[in-house]
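Laboratory data are not the source of any read-out in this text; all were calculated from the coordinates shown. Just so we're clear, the structure is a prediction, and the values are computed from it rather than from any experiment. Ideal geometry is used to build each Cβ from the backbone, glycine not excepted, and the neighbour counts take in all protein chains shown.
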Amino acid sequence: MAETSHQHGAPGASPHGETRRDFLVLTAGAMGAIATIAVVWPLLETMNPAADTLALSSTEVDLTAIEIGQSITVVWRNKPVFIRRRTQEEIDAARAVSLDDLGDKQTDEERAQKPEWLVLVGVCTHLGCIPLGTKKGDPRGDFGGWFCPCHGSHYDTSGRIRKGPAPRNLEVPAYQFVSDTLVKIG
């Protein structure tokens, strides 16, 4: 019987049974994998957010200059954010409100990480106007918080809707206190 599985003297065969064809198949496969990675990697990188977008995703605000009873407005994601250092009277007024009196039921404790500091997205939940109440002399509505001049929504000292057409409270963005005097929004 003739041996057909392997001939030691075949041209291009090594003593271990590997041929040039095996080498070429492995080399072509490796080059194909490298070419695929070279095409797919830049495509996947384009799906990541740009550096300027990442820079806008959060902002840090120094709170040292804000006095008790004062509010400031900062910009985060192209939206105004109200930061108010509340007085004890404002905190007490916000905590004294019964949940039964609220359309969008949230306690003051749910809305403020630290009672003295209130951080809110300054966009009315009715039609997107910017409520008044951060500057001295601005009307603050019937509940001492913010007043939306577009359609008459009144927000309390916790940013909760109390009167008017707005369906929800002013939004509380994701934020954290990095230190006692620095807050990171986003």
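Descriptive notes on the structure:
- Taking every alpha-carbon pair under 8 Å whose residues sit at least 6 apart, the chain reaches a relative contact order of 18 percent.
- Under the Karplus curve 6.51 cos²θ - 1.76 cosθ + 1.60, θ = phi - 60°, whole-Hz ³J(HN,Hα) for the range 118-124, x wherever Gly or Pro sits: 10, 10, 9, 6, x, 10, 4
- Relative packing of 169-177, 111-119, which averages over residues the other C-beta atoms within 10 Å, highest first: 111-119, 169-177
- Note on the chain: with charges restricted to the Cβ of Lys and Arg (+1) and Asp and Glu (-1), its dipole about the Cα centre is near 440 debye.
- Treating each Cα of the chain as an identical point scatterer and summing with the Debye formula, the log10 of I(q)/I(0) at q = 0.08, 0.19 Å⁻¹ comes to -0.43, -1.24.
- Taking a ≥ b ≥ c as the square roots of the eigenvalues of the alpha-carbon gyration tensor, the range 54-113 is classed oblate because a/c is 1.5 or more while a/b is no larger than b/c.
- Trp146 long-range amide H proximity, modeled H, under 5 Å: Tyr155, Asp156
- Hz values of 3J(HN,Hα) by residue in the range 157-162 - Karplus curve (6.51, -1.76, 1.60), Gly and Pro given as x: 6, 10, x, 8, 5, 10
- Taking a sphere under 15 Å around the Cβ of Leu63 and counting the other residues whose Cβ falls inside, with K and R at +1 and D and E at -1, yields a net charge of 0.
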